[in-house]
2 protein chains.
Amino acid sequence: MVDPILTSISEKLINAEDIVLLPHINVDGDALGASLALGLALKAMNKSVDVLIDEEVPDNLSFLPGQELIKDNPRKEYSVAVNIDNGDIVRLGNREHYYHEAKTRLSIDHHNTNKVEADYSYVDTKAAATGEIIYDLIINYLKEDIDKDIAICLYTAIITDTGGFRYTNTTPHTLEVSAELLKYDIDFSYINKRVFDMVSYTKLYLMKKTMNSLRLIEDGKLALSYLTYDDIKGYTVKSDDYEGLVNIGRNLQDVEVSLFLREESPGTFRGNLRSNNYVDVSEIAHSFGGGGHKRAAGFNITGKLEEVIDKLTAEVVAKIRGKA
Amino acid sequence: MVDPILTSISEKLINAEDIVLLPHINVDGDALGASLALGLALKAMNKSVDVLIDEEVPDNLSFLPGQELIKDNPRKEYSVAVNIDNGDIVRLGNREHYYHEAKTRLSIDHHNTNKVEADYSYVDTKAAATGEIIYDLIINYLKEDIDKDIAICLYTAIITDTGGFRYTNTTPHTLEVSAELLKYDIDFSYINKRVFDMVSYTKLYLMKKTMNSLRLIEDGKLALSYLTYDDIKGYTVKSDDYEGLVNIGRNLQDVEVSLFLREESPGTFRGNLRSNNYVDVSEIAHSFGGGGHKRAAGFNITGKLEEVIDKLTAEVVAKIRGKA
């Protein structure tokens, strides 16, 4: 099945003089992997192609090939700009003007919230990663060969956005594409280690503090853990560093609800809720002015730590008892 | 390509009156998933089939379908016995006699150490999991349909033995088979959570103690962590519970070597070594009478904790400096 928009996008790329590839800010494995893969394919077609990003390449992606395409001193303008893995043009940050000033604006993405305007915009919300679309574009539309470097970039893109093929966005096609990528003799075991396993000093410290704070309530069905302002202050904590801390409680045997609190400033808390099987935590978050889904929700709350804990615990325990 | 041994195995199964399926002791996701999948397929062919195991179904596999095939009161004898995912017949434990007494003994495995005698023995060391072989056997030799329950069992088998498609034994074929299994609308995200994420109270306690003990040495290139006998005594610790503790240090940023010690009895330590890039830890383990590979090795050592730490640290630091 030939897609008319991907056909147009590939024609524009094939006829382009110079191309700039623009992944979203706070670049991740899909945005950067997809951009470098497309960049390497276009380079092999003798195109002049630059990849621009707003920050340093993250440590856990420093192994990606094709980084010679990332330019510190870009041109003033490019004739063709490609927005990659980005649903909102303001998320190009300092590079937004390159997109607006280009003669031809192309956009390739998989976010269902995408609202980017382009001459040709391809949004496939069924693709688990933008890297999956780029694979299709290179092979079936640009008619270029994949090589080992491109395969590394695309594999990284796909595992990043599927959590290593674990998230529900993973499809049979995701695994089929990945099977093809494995044929290029890539060291996928190392790539997984780099993308998923590396832990910063700060993250280890936060994990330790979170584990040490853990309390089991209601016969171990509720796991409560927290980081106080005193725990955090003096540390340079990125928002990423908090990710997954709520799962320390959630993954513990017999736990139904995990509640994780962090005191962002004295007396002001961000609450995260996760459940495993039967409690709808969005209802709890809602009653504190927050929101979310059945199994994952969040809210803000103010007060003293132990008061906040008492109030929240009562609410969660009531829900657990109501459903038991 | 039709394999003559798998053809013979399928003929024996198709003509069997009653069949017993025997996975290895300390049953895991591959052994049990492969056995239940084959059992369900044979059941659909109206065969009398029992699966026997030596222990309870592990908690993290309690979701597996087909458990009605697991019998507490087995027959005295079976005419056809199948050894599954097991390289050494003594690892059938209390069920070994069923294998020896059967009229027909079949064996299906993927371990390169396999030494099981059988009327027909199929060992495919390229298969990442025995589940991968069972998929092939059901579809191409027994000519039976896969259903959702069988797909759940086989997917569980495959992710167990590949660490979620991350170990180097994963092949393009592994991903292709898994792509097919995803088409049966299985809740693979839930399966991954059950197989990999669930942590016991004991495990969390050991993780916490290990993290709290962590010391960084030689500019953070060596991560040392340990559990003392005092930490462990009074806890019921399974050998599984120690698994992965050495990776807490290994996964930390900038670490090259992780050394994890546990005091098995007062003054007697088991040492585990992991490296990330350039230190051959088998050399270190060897010098203390142990062994292993470049990136993973182990040894035993006796002494007082701080003396043992000093001795080992000196050795590891010398290796790091030698390679730097």
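The values are calculated or read from the model by the stated rules, or taken from the named source; none is laboratory data. Bear in mind that the values here come from a model prediction, so they are computed numbers and not experimental data. Cβ atoms come from the backbone with ideal geometry, glycine included; neighbour counts cover every protein chain shown.
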(request) Considering (1) among the hydrophobic types (A, V, I, L, M, F, W, C); (2) in contact (Cβ under 8 Å) with a residue 40 or more places away in the chain; (3) on the phi > 0 side of the Ramachandran plot, say which one A:Ile134 fails and leave the rest. (result) (3)
(message) I'd like to know if the range A:226-249 contains one or more residues that are surrounded by 18 or more Cβ atoms within 10 Å (Cβ to Cβ), more than 27 Å from A:Pro58 (Cα to Cα), of a type in the set (Ser, Thr, Tyr) and in the same structural domain as A:Ser282 (by TED's automatic domain parsing).
(response) yes
(message) Against the condition in a helix (DSSP H, G or I), touching a residue at least 60 places away in the same chain (Cβ under 8 Å) and within 14 Å of another protein chain (Cβ to nearest Cβ), how does B:Leu154 come out, does it pass?
(response) yes
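Yes or no, residue by residue, for (1) polar (S, T, N, Q); (2) part of a helix (DSSP H, G or I); (3) at pLDDT below 95:
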| residue | (1), (2), (3) |
| --- | --- |
| A:Thr7 | yes, yes, no |
| A:Leu38 | no, yes, no |
| A:Lys43 | no, yes, no |
| A:Asn46 | yes, no, no |
| A:Ile53 | no, no, no |
| A:Glu68 | no, yes, no |
| A:Asn73 | yes, no, yes |
(request) Select, from A:Glu283, A:Glu256, the only residue that is within 14 Å of chain B (Cβ to nearest Cβ) and either more than 23 Å from A:Gly163 (Cα to Cα) or crowded, with 22+ Cβ neighbours inside 10 Å (or both). (result) A:Glu256
(request) Could you please tell me which pairs satisfy a Cβ distance under 6 Å, a separation of 6+ or placement on different chains, a first residue in the range A:47-67 that is in the same structural domain as A:Asp30 (by TED's automatic domain parsing), and a second residue that is polar (S, T, N, Q) and surrounded by 15 or more Cβ atoms within 10 Å (Cβ to Cβ)? (result) A:Val51/A:Ser35
(message) Criterion first (closer than 30 Å to A:Leu259 by Cα, within 10 Å of another protein chain (Cβ to nearest Cβ), in contact (Cβ under 8 Å) with a residue 60 or more places away in the chain and crowded, with 19+ Cβ neighbours inside 10 Å) does A:Ile191 satisfy it?
(response) no
(message) Any residue in the range A:226-248 that is more than 14 Å from chain B (Cβ to nearest Cβ) sitting within a Cβ distance under 6 Å of a residue that is assigned to a helix (DSSP H, G or I)? List the pairs, counting only those 6 or more apart or interchain.
(response) A:Tyr226/A:Ser213; A:Leu227/A:Lys209; A:Asp231/A:Lys209; A:Tyr235/A:Thr202; A:Val237/A:Thr202
(message) Looking only at the range B:9-36, how many residues end up being among the acidic types (Asp, Glu), closer than 18 Å to B:Ala157 by Cα and not in a helix (DSSP H, G or I)?
(response) 1
(message) Anything in the range A:75-110 that is in a strand (DSSP E or B) and among the β-branched types (Val, Ile, Thr)? List them, or say none.
(response) A:Val80, A:Val82, A:Ile84, A:Thr104, A:Ile108
(request) Please go through the range A:170-188 and pick out each residue that is facing chain B (nearest Cβ under 9 Å) and either of a type in the set (Lys, Arg) or assigned to a loop (DSSP other than H, G, I, E, B) (or both). (result) A:Thr170, A:Thr171, A:Lys183, A:Asp187
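Residue-wise test of (1) in the same structural domain as B:Leu261 (by TED's automatic domain parsing); (2) crowded, with 23+ Cβ neighbours inside 10 Å; (3) within 30 Å of A:Tyr184 (Cα to Cα).
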{"position": "B:Ile139", "(1), (2), (3)": "no, no, yes"}
{"position": "B:Cys153", "(1), (2), (3)": "no, yes, yes"}
{"position": "B:Thr156", "(1), (2), (3)": "no, yes, yes"}
{"position": "B:Gly163", "(1), (2), (3)": "no, no, yes"}
{"position": "B:Glu176", "(1), (2), (3)": "no, no, yes"}
{"position": "B:Lys183", "(1), (2), (3)": "no, no, yes"}
{"position": "B:Tyr205", "(1), (2), (3)": "yes, no, no"}
(message) Please verify whether A:Val80 is over 13 Å from A:Leu142 (Cβ atoms), in contact with a strand residue (DSSP E or B) (Cβ under 6 Å, 6 or more places away or on another chain) and not acidic (Asp, Glu), treating the condition exactly as stated.
(response) yes
(message) Restricting to the range A:285-302, count the residues that are over 19 Å from A:Ile217 (Cβ atoms) and in a strand (DSSP E or B).
(response) 6
(request) Determine which single condition A:Glu55 fails, assuming it passes every other condition in (1) within 30 Å of B:Ala179 (Cβ to Cβ); (2) more than 14 Å from chain B (Cβ to nearest Cβ). (result) (1)
(request) For A:Ala127, work out the one condition from (1) touching a Leu at 6+ places or on another chain (Cβ under 7 Å); (2) buried (at least 16 other Cβ atoms within 10 Å of the Cβ) it doesn't fulfil. (result) (1)
(message) Being under 24 Å from B:Tyr167 (Cα atoms) and facing chain B (nearest Cβ under 7 Å) is the filter here; which residues of the range A:194-203 pass it?
(response) A:Asp197, A:Met198, A:Val199, A:Ser200
(request) Can you give me the number of residues within the range A:204-225 that are charged (D, E, K, R) and within 11 Å of chain B (Cβ to nearest Cβ)? (result) 2
(request) Specify which of the listed residues (B:Lys304, B:Lys323, B:Lys208, B:Lys233) is in contact with a helix residue (DSSP H, G or I) (Cβ under 6 Å, 6 or more places away or on another chain) and basic (Lys, Arg). (result) B:Lys208
